[in-house]
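Comments concern the structure below.
The values are calculated or read from the model by the stated rules, or taken from the named source; none is laboratory data. Predicted model, so just to flag it, every value in this text is computed and none were measured. Quick reminder, even Gly has a Cβ in these numbers, built from the backbone with ideal geometry, and neighbours come from all protein chains shown. To get the accessible areas, we keep the full protein, side chains included, count just its heavy atoms, and leave off ligands, DNA and RNA. Shrake-Rupley method; radii C 1.70, N 1.55, O 1.52, S 1.80 Å.
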Amino acid sequence: MAGMTQLEVLYRYEKHPTEAAVVAWGNTREVYGIRRIQIDKEWKTIRVEYDATRLTKPVVYELLRRAGIDLVEELPLIPPQPVVEEAAATAPAK
(Lines give C-alpha, C1' and ligand atoms only; values in the text may rest on other atoms or scores of the structure.)
Protein backbone atom coordinates (compact mmCIF):
# COMPACT_ATOMS: atom_id res chain seq x y z
CA MET A 1 0.00 0.00 0.00
CA ALA A 2 3.00 2.32 -0.08
CA GLY A 3 2.32 5.31 -2.31
CA MET A 4 -1.44 4.84 -2.21
CA THR A 5 -3.89 7.49 -1.10
CA GLN A 6 -7.03 5.62 -0.10
CA LEU A 7 -10.28 7.59 -0.16
CA GLU A 8 -13.96 6.72 0.15
CA VAL A 9 -17.04 8.31 -1.33
CA LEU A 10 -20.67 7.60 -0.46
CA TYR A 11 -23.58 8.08 -2.88
CA ARG A 12 -27.32 7.62 -2.59
CA TYR A 13 -29.09 5.99 -5.51
CA GLU A 14 -32.76 6.28 -6.48
CA LYS A 15 -33.75 2.96 -8.04
CA HIS A 16 -32.38 -0.44 -7.17
CA PRO A 17 -29.89 -1.52 -9.85
CA THR A 18 -31.11 -3.77 -12.63
CA GLU A 19 -29.48 -7.13 -13.25
CA ALA A 20 -27.47 -5.63 -16.12
CA ALA A 21 -26.33 -2.79 -13.85
CA VAL A 22 -25.22 -5.27 -11.18
CA VAL A 23 -23.15 -7.16 -13.77
CA ALA A 24 -21.61 -3.87 -14.99
CA TRP A 25 -21.05 -2.85 -11.36
CA GLY A 26 -19.15 -6.10 -10.86
CA ASN A 27 -16.95 -5.23 -13.82
CA THR A 28 -16.30 -1.79 -12.30
CA ARG A 29 -14.56 -3.57 -9.44
CA GLU A 30 -11.92 -4.64 -11.96
CA VAL A 31 -10.96 -1.03 -12.75
CA TYR A 32 -7.43 -0.40 -11.54
CA GLY A 33 -7.73 1.87 -8.51
CA ILE A 34 -11.14 0.72 -7.26
CA ARG A 35 -10.46 -1.06 -3.98
CA ARG A 36 -13.93 -1.95 -2.74
CA ILE A 37 -17.60 -1.25 -3.51
CA GLN A 38 -20.37 -1.80 -0.96
CA ILE A 39 -24.10 -1.41 -1.57
CA ASP A 40 -26.58 -0.96 1.27
CA LYS A 41 -29.98 -1.84 -0.21
CA GLU A 42 -31.90 -0.70 2.87
CA TRP A 43 -30.44 2.83 2.84
CA LYS A 44 -29.99 2.89 -0.97
CA THR A 45 -26.35 3.84 -0.70
CA ILE A 46 -23.19 2.79 -2.45
CA ARG A 47 -19.77 3.31 -0.86
CA VAL A 48 -16.64 3.16 -3.01
CA GLU A 49 -13.12 2.89 -1.66
CA TYR A 50 -10.58 3.96 -4.27
CA ASP A 51 -6.95 4.89 -4.80
CA ALA A 52 -6.81 8.68 -5.28
CA THR A 53 -3.39 8.43 -6.93
CA ARG A 54 -5.10 6.54 -9.78
CA LEU A 55 -8.66 7.91 -9.85
CA THR A 56 -10.56 11.08 -8.98
CA LYS A 57 -13.99 11.40 -7.43
CA PRO A 58 -15.57 12.54 -10.75
CA VAL A 59 -14.09 9.48 -12.49
CA VAL A 60 -15.51 7.16 -9.81
CA TYR A 61 -18.91 8.87 -10.19
CA GLU A 62 -18.82 8.43 -13.97
CA LEU A 63 -17.81 4.75 -13.69
CA LEU A 64 -20.87 4.08 -11.51
CA ARG A 65 -23.17 6.05 -13.82
CA ARG A 66 -21.87 4.16 -16.87
CA ALA A 67 -22.50 0.91 -15.02
CA GLY A 68 -26.17 1.90 -14.83
CA ILE A 69 -26.34 2.97 -11.17
CA ASP A 70 -28.90 5.79 -10.81
CA LEU A 71 -26.90 8.09 -8.50
CA VAL A 72 -28.83 10.94 -6.90
CA GLU A 73 -26.39 12.65 -4.57
CA GLU A 74 -23.12 12.37 -2.72
CA LEU A 75 -23.54 11.91 1.02
CA PRO A 76 -21.13 12.89 3.79
CA LEU A 77 -19.20 9.99 5.28
CA ILE A 78 -19.50 11.50 8.77
CA PRO A 79 -23.11 12.03 9.91
CA PRO A 80 -24.07 15.54 11.01
CA GLN A 81 -23.33 16.20 14.65
CA PRO A 82 -25.96 17.69 16.98
CA VAL A 83 -25.69 21.43 17.52
CA VAL A 84 -24.96 22.43 21.08
CA GLU A 85 -26.47 25.71 22.16
CA GLU A 86 -23.49 27.77 23.36
CA ALA A 87 -25.65 30.27 25.23
CA ALA A 88 -27.29 27.52 27.25
CA ALA A 89 -23.96 25.83 27.93
CA THR A 90 -22.28 29.00 29.22
CA ALA A 91 -25.22 30.49 31.11
CA PRO A 92 -24.82 30.58 34.90
CA ALA A 93 -26.94 28.12 36.86
CA LYS A 94 -29.84 29.62 38.80
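Bin width 10 Å, origin at 0, all Cα-Cα pairs of the chain: what percent of pairs per bin?
P(r) over the chain, rounded to whole percents: 14, 42, 20, 10, 9, 5, 1.
For the residue pair E8 and E42, what label-to-label distance in nm results when each label sits 7 Å from Cα along the Cα-to-beta-carbon direction?
Distance between the two pseudo-spin positions: 1.7 nm.
Could you work out [θ]222 nm for the chain from helices alone, using -39500 (n - 2.57) per DSSP H run of at least four and dividing by all its residues? Round to the nearest 500 deg cm²/dmol. If you can, show how the numbers build up before the last one.
Values: 3 runs with 25 residues, N = 94.
Here the helix-only value at 222 nm equals -7500 deg cm²/dmol.
Just flag the trypsin sites (Lys or Arg not before Pro) in region 1-48 sitting in loop per DSSP whose Cβ has no more than 13 other Cβ atoms within 10 Å. Please list the in-between numbers first.
Working: sites: R12, K15, R29, R35, R36, K41, K44, R47; in loops: K15, R29, K41, K44.
Answer by residue number: K15, R29, K41.
Ranked from the most accessible area to the least, with a 1.4 Å probe and all protein chains present, what is the order of V48, V59? Could the numbers behind the result be given before it?
Values: V48 0, V59 65 Å².
Of V48, V59, the descending order of accessible area is V59, V48.
FRET efficiency for E30 and V83, Cβ-Cβ distance as r, R0 = 41 Å, nearest 0.05? Walk me through the numbers on the way to the answer.
Details: r = 43 Å, r/R0 = 1.06.
The value I calculate is 0.40.
Angle, helix 57-66 long axis vs. longest principal axis of the chain, Cα atoms, 0 to 90°, nearest 10?
That works out to roughly 50 degrees.
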